[in-house]
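Student: Below you will find the structure I want to go over with you.
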Amino acid sequence: MPSTEASADYTRVPVRFENATLGFVTGPSAPATAVALLLMHLAARESEGRALASEILHLYREVHLIEQLSERLAALLDLSAVSQSALRQAQRLIAATHGGILVMEEADGSLRNAASFGPSSSDFVDGSGPLLPGSRFAASILERDIAEIVNDCASDPRARDSELTLQALICAPLRAGQRTVGIIALASDAADASYSAADLKLLNTIALQTAAAIANSILCAEMVDAAQARAAFAAELHAASTVQQLLLQSASRPTPGFQVESVYLPASEVGGDFFFVSSAPDGSLIAIVGDVSGKGLTAAMRVAMILGALRRETSHDPGEILFGLNNALVAQGQLGFTTACCIRISLSGEYTLSNAGHIAPYLSGRELETASALPLGLIQDQTYDLTRGHLPSGERLVLLSDGVPEARSHAGELYGFDRLSSLTLMTARDIAEAAQRFGQEDDITVLTLALPATWREQYCQPMV
């Protein structure tokens, strides 16, 4: 049995950690205290190790889930599917009774619900999310472009009626590059709900993955819409081309006593050139070749209007025909301008022609002089003077559009006017195809008119 002096030196030193007593160390005061301190230090180190291991395991789980989210989102192109998948993963990582993704409309910047969940929803597609499109919380997030935690929604002045029942709310902008595409929000109505900075960091990571996928889905949808629009436009263009071809095919009416050849080669589906050939009651031939300004469907519609006006025209005088067509175009307004050359040829070969800013006709390789005048559609009541001449039997008069002299080679060389003299000695088909081979850049129209060499024998027999 120890002596009284020795017993007095013994003590019980508690080993405490985080307000709990793990045990006691009994012995002499100094050694017992030292051992107790060592044990407390070792307990703290063990606790730190376990906490670190737990945090690493938790972070690994989060990284794994986010990696899964990234893979899933990368495989999705539909906006609704992307949003639903992102919300499901967010709900697995962050406790929430409500969740939603609001996507910004490209046209006006307004928000619309892309996916949501709530107490009454299990399919992530109804409107039970924490924020409505008109939410002041959402507007604040978009304005400041930073994520936010609100752990007492009822006391926040931004809260609206539907948000007052929420206890805690966490939101993050969906930002892809320099573009904000929407908002992701999670919330809980549990009385003790609270979100932490760690939750906010995690939601920002999810938002980054989700924003990229949403941007891709929006781009994909835009590409599909553009493809559909192009297909619809192509169908409209094809229909317009068919109608234009039919109109131009019917633009050459029978003209007994004349040889008429017409060739029309549009530079695209529809063109802005036109021609029209008809006969007068006395057997004379009326012909007009023209070119409207502009391209595409607008030019094609103008051509259709001009051909309709020419069909209704009752005058057979070239100057009057251009006068009436000019006023019709001016009356339509905002149609640009139209160049045209109109000619009337009698069975005897006498002709009169008027020119409204168009390329002059060629007769047997020689350019005819015409009175200058403004194109059609610019000034009301513009008059067009007549030029007179004679077309000998067997010779060819050529009317053409500027697509012939403005043909351009790959080297950038224009066909030009110097070569037209010899070119216009050829047939309409050969003229048009020569310009096309050289390098077509604009619509090509060629119209050739001739009186057969045997005409006088057929129609001008001497009287007995």
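Student: Take region 265-293 and flag every residue that is closer than 19 Å to G349 by Cα and of a type outside the set (A, V, I, L, M, F, W, C).
Tutor: S278, S279, P281, D282, G283, S284
Student: Exactly one of these conditions fails for G349: (1) open to solvent by less than 30 Å² (accessible area, probe 1.4 Å); (2) modelled with pLDDT of 95 or more; (3) closer than 21 Å to A280 by Cα. Give me its number.
Tutor: Exception for G349: condition (2).
Student: Further question: Among the strands (runs of 3 or more DSSP E) contained in region 354-457, which hold 1 or more residues that are open to solvent by 30 Å² or more (accessible area, probe 1.4 Å)? Spell out how you get there, then give the answer.
Tutor: On the way: elements: 387-390, 396-400, 444-450.
In region 354-457, 387-390, 396-400 are the strands (runs of 3 or more DSSP E) which contain 1 or more residues that are open to solvent by 30 Å² or more (accessible area, probe 1.4 Å).
Student: Still on this structure, I have one more. Scan region 315-340 and report the pairs whose first residue is on the phi > 0 side of the Ramachandran plot and whose second residue is small (G, A, S) and assigned to a loop (DSSP other than H, G, I, E, B), with Cβ atoms within less than 6 Å and a gap of 6+ or a chain change.
Tutor: Taking only residues 6 or more apart or on different chains, the pairs are G336/S293; G336/G294.
Student: Considering region 54-111 alone, what residues qualify as being at pLDDT 60 or above, outside any helix (DSSP H, G or I) and either farther than 12 Å from I184 by Cα or out of contact with any strand residue (DSSP E or B) (no Cβ under 6 Å at 6 or more places or on another chain) (or both)?
Tutor: D78, I94, A95, A96, T97, E105, E106, A107, D108, G109, S110
The values are calculated or read from the model by the stated rules, or taken from the named source; none is laboratory data. Remember, predicted model here, so these are calculated numbers, not experimental data. Cβ: placed from backbone, ideal geometry, glycine included. Neighbour counts: every protein chain shown. The area values use the complete protein model at the heavy-atom level, side chains included, leaving out ligands, DNA and RNA. Shrake-Rupley method; radii C 1.70, N 1.55, O 1.52, S 1.80 Å.
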